[in-house]
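One structure is given below, encoded as structure tokens.
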Amino acid sequence: MASPFFCERLLEQIGAQLSFGIHLLQPPVFLFQRLHLGHHRGVHAAELAPPLVERGGADAVLTAEIRNRTASLSLLQHANDLAVGKTGFLHGNLLEKDYEKIPLPTPADLWGDYRSTLADWVGQSAALLKPLVERIGDYVLSGEKLHADDTPVPVLAPGLGETQTGRLWTYVRDDTAAGYQEPAAVFFRYSPDRKGLHPQTHLQSFQGILQADGYAGFHHLYGEQIREAACWAHVRRKFYDLHQATKSPIALEAMQRIAALYAIEAEIRGQTPEIRQIQRQARAGPLIEDLKQWLDQQLKTLSTKSELALAIRYARSRWPALCRYVDHGIVEIDNNVAERSLRMIALGRKNYLFAGSHSGGERAAAIYSLIGTAKLNGVEPLAYLRHVLTHIADHRINRIDELLPWNLAPIISE
């Protein structure tokens, strides 16, 4: 059968090859069936027309129902196997696995028992994305202030058929509340346990202020190179829990006094560090000094073993670190920036139950870094992964910054 093809000549079909690929866009899910047509092509046709496998081919669409999801079977033109067979499906699969908190068995069940293949694709993608993730890590650790936190992740213990507890650590660079224009970014790291050695290793190149909770593993970091800034939200939470349980008037007043500090922060959010520092020293400083004296007075009237006494001692033991934000306009009043970055992981644990291996935990940390950083910069994660996985293989390593989420935002938003 003769077929016209973008030039004045007719090209004769000499063969055909049928292949399948998966391309996951926003729901619905599309399964592509590609028909590659072979054609005899003369010199004149070769000069005037692009190859048929790039521009030609038959098209037909058949709608079907696959496990209550609408799918489309299309006879499509030839496309690069990585871009369609892997990239198109993988960016959605990575998003489902990490951002949308759906484990690999769910998409595997949808398309058949290809769980091992999907796991291999995720591993290959993580390796491909490694230079980009490392660049995000370098950028995060070059900031003058970091937010840090960690969360448990169940991991399948090799050969035991049971899980052990690994950790995902988050390190966030986000100074937008202090009026900075630099992009925000988050860098996740995985470790098989919660030993303090891990944050020490992760942050060995960092110099500046570290805002974190009271985890003892961070204490070995603090010194001339890294200074501690504590979290008022953790202090408030202890009094909040007590008030919820006992309706304690002391706990209520502590919460009200801390709320006054947060009211000041709401007014100066987005101002420069210099303005924030001046306002805090003039307004928050006296309130904090009054709070200190009031806490000390209350502590004298309480049993040393009471929950209220424990909450007060927790705050007083961290007082210099709690006050650091007053004299440093770039520091936040709390560590909520880090806690927000962990929300997608906390929700994900309810669906994927456990990581399959330590290497799986490391891959999850890499993908979380990309997805979290995209979200911080207002970039839709699915569109970002689609673009990066399509282009990174051919991208020059010395221009990797061009693929960072904030640099791709104008392109992806078009």
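Please work out which residue is surrounded by the most Cβ atoms within 10 Å (Cβ to Cβ), limiting yourself to region 170-194 and to residues that are under 24 Å from Pro154 (Cβ atoms), of a type in the set (D, E, K, R) and touching a residue at least 40 places away in the same chain (Cβ under 8 Å). For region 170-194, the residue satisfying everything is Arg189. Restricting Leu203, Leu197, Leu210 to residues that are farther than 15 Å from Tyr139 by Cβ and surrounded by 18 or more Cβ atoms within 10 Å (Cβ to Cβ) narrows the list to Leu210.
Among the candidates Ala263, Ala216, single out the residue that is free of Cβ contacts under 8 Å to residues at least 12 places away in the same chain and either closer than 17 Å to Gly329 by Cα or surrounded by fewer than 18 Cβ atoms within 10 Å (Cβ to Cβ) (or both).
Ala263
Of the set (1) surrounded by fewer than 17 Cβ atoms within 10 Å (Cβ to Cβ); (2) within 35 Å of the chain's Cα centre (by Cα), all apply to Pro286 but (2).
Using beta carbons and a limit of 9 Å, which pairs, at least six apart or on different chains, have the first residue in region 385-414 and without any contact (Cβ under 8 Å) to a residue 60 or more places away in the chain and under 16 Å from Glu134 (Cα atoms) and the second one surrounded by fewer than 17 Cβ atoms within 10 Å (Cβ to Cβ) and of a type in the set (Gly, Ala, Ser)? Between residues of region 385-414 that are without any contact (Cβ under 8 Å) to a residue 60 or more places away in the chain and under 16 Å from Glu134 (Cα atoms) and residues that are surrounded by fewer than 17 Cβ atoms within 10 Å (Cβ to Cβ) and of a type in the set (Gly, Ala, Ser), there is no close pair. If the condition is being open to solvent by 10 Å² or more (accessible area, probe 1.4 Å) and touching a helix residue (DSSP H, G or I) at 6+ places or on another chain (Cβ under 8 Å), then region 157-169 contributes only Arg167.
The values are calculated or read from the model by the stated rules, or taken from the named source; none is laboratory data. If you're wondering where the values come from, they're calculated on a predicted model, not measured in any experiment. Quick reminder, even Gly has a Cβ in these numbers, built from the backbone with ideal geometry, and neighbours come from all protein chains shown. The area values use the complete protein model at the heavy-atom level, side chains included, leaving out ligands, DNA and RNA. Shrake-Rupley method; radii C 1.70, N 1.55, O 1.52, S 1.80 Å.
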